[in-house]
Amino acid sequence: MTDAKLVLDGQDYEFGVFEGSEGEVAVDTRKLRSASGAISYDPGYGSTGSCKSEITFIDGEKGILRYRGYPIEQLAEQVSFEEVMYLVIWGKLPNQSELDVFKGRLSENAELPEGIVGVLENLPENAHPMTVMQTLVATLGDYYEPADEETEIIRLIAKSKALAAYAYRKASKKAYLKPVAGKSYAGDFAHMTFGKSDEYRVSDVLEESLDSLFILHADHEQNCSTSTARMIGSAQASLYASISGAIGALSGPLHGGANQKVIEMLESIRAEGRSLEDHIALVKDKSSDVKLMGFGHRVYKNFDPRAKILKKSADQLFEELGVEDPALDLAKDLEKVALEDEYFVKRRLYPNVDFYSGTIYRALGIPTNMFTVMFVLGRLPGWIAQWKEMRDDEDQRIHRPRQVYIGATERNVTPISER
């Protein structure tokens, strides 16, 4: 492929061009500033590639999502979350022996140190579960001597489900339940979160739904939280510090908090006594600040492939559980309108993963303030894989974006008596 040419003030500058394995073209601008004195201006980095990666491929136009080359549809249908974790982090689907060892190590490392529970109990009573999760992950590494990378990864994954469950139980003022050996990752989390005693049996519907949701959230390329994990890690910060920072990024309503906003929107429509038709009219009204949460996606210009999978799961789940919830009934009506209304179809505002995950969590009885914590458990292997890949990449260096300064030019300080 030929080089790219930049003409600046009559001077030509040439930059290398390379192509990814799926055909995406990139201009190598690493020497742009040193060669020309100029920088690129790209707010939000939407047209900037910060790295090369082998982990996740997305084609937003065609609605494609693959982990390590495997279509998300096959993974969601045929493998467990534990297998997906192994795949995303170490690059291959495990054989039975490797999977058994991985599960065994997760089980051995599942219990939290006593000191962590003490930290949890000293946090404010009204602390949001995401704040709790971020705090505890940042603290966790201090309870252990530094270990090899694989041990640190296993330790963090294994203990995160207990951290999330304990965050819920703190908010619910319930006694903590310890992890139980032999359960699946999703099953043990559900046991520690919703169990009434050690004998509590997690329903198959709950366990399978959580396992599927975790798989669908496992990684999603260079989004805000993943880029945060990479940026923090680029300073050679610890795994715990990097993942804690990613959790902080995920807590924002424009990122991981979007599924919570879906339920809040549905409850708001009901609380204000608006009809669905009135709400849709307000969404279409450019002078209104009313938004349709859970529809459309910055990356996918077609139907989100994860949403397709979850739509099927949601339909089956609602029928099997026989849940009676006016908010979920409203969600079904809203989905029908958005899929048929020309205004939304023309703009490709299809229901996304946040719409379906929010309604599924609601149907399963998971509190709204725990939705983003569920996202954390699913996305954890992706963050870890991205952090690990960044550390192993010889091209990577500490992240240091440039800026275009638009402030005052040089000026002198005026004595305070003259101001």
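A simple spin-label model places the labels of Asn126 and Ser417 5.0 nm from each other, with each point 7 Å out along Cα-to-Cβ. From least to most packed, judged by other beta carbons within 10 angstrom and beginning with the fewest, Tyr356, Tyr41, Tyr240, Tyr176 follow the order Tyr41, Tyr176, Tyr240, Tyr356.
Which FRET efficiency, nearest 0.05, do Val25 and Glu340 yield, Cβ-Cβ r, R0 35 Å?
Numbers: r = 37 Å, r/R0 = 1.06.
That pair, Val25 with Glu340, gives E of 0.40.
Report, in deg cm²/dmol and to the nearest 500, the calculated mean residue ellipticity at 222 nm for the chain, where each DSSP H run with n ≥ 4 adds -39500 (n - 2.57) and the sum is divided by the residue count. Don't skip to the answer; put the middle values down first.
Details: 18 runs with 218 residues, N = 419.
Result for the chain: -16000 deg cm²/dmol, rounded to the nearest 500.
Each residue, Ser275 and Glu199, gets one label point 7 Å from its Cα in the Cβ direction; the gap between the two is 5.3 nm. Put a dot 7 Å past the Cα of Lys174, heading toward its Cβ, do the same for Leu282, and the two dots end up 3.4 nm apart. Given the alternatives [x] 23.7, 74; [y] 21.6, 64; [z] 23.6, 78, Rg and Dmax of the Cα atoms in Å as computed for this entry is given by [z]. Across the chain, C-alpha contacts under 8 Å between residues 6 or more apart give a mean separation that, scaled by the residue count, equals a relative contact order of 19 percent.
Whole-Hz Karplus values for region 380-385 come out as 3, x, x, 4, 5, 4 Hz, taken residue by residue from phi with 6.51 cos²θ - 1.76 cosθ + 1.60 and θ = phi - 60°; glycine and proline positions read x. Under the shape rule built on the C-alpha gyration tensor, where the axes satisfy a ≥ b ≥ c, region 4-49 is oblate, since a/c reaches at least 1.5 while a/b does not exceed b/c. Once you sort the root eigenvalues of the Cα gyration tensor of region 255-410 as a ≥ b ≥ c, which label holds: rounded (a/c under 1.5), prolate (a/b larger than b/c) or oblate (the other case)? It comes out oblate by the Cα gyration axes.
Each of Val132, Val79, Val353 was scored by other Cβ atoms within 10 Å of its Cβ. Arranged with the fewest first, they read Val79, Val132, Val353. Ranking of Tyr67, Tyr45 by neighbouring Cβ atoms within 10 Å, starting from the fewest: Tyr45, Tyr67.
Every number in this text was worked out from the coordinates using simple rules, so none of it is lab data. Note that this is a predicted model, so its numbers are computed, not measured. Please note: Cβ atoms are built from the backbone with ideal geometry, for glycine as well, and neighbour counts cover all protein chains shown.
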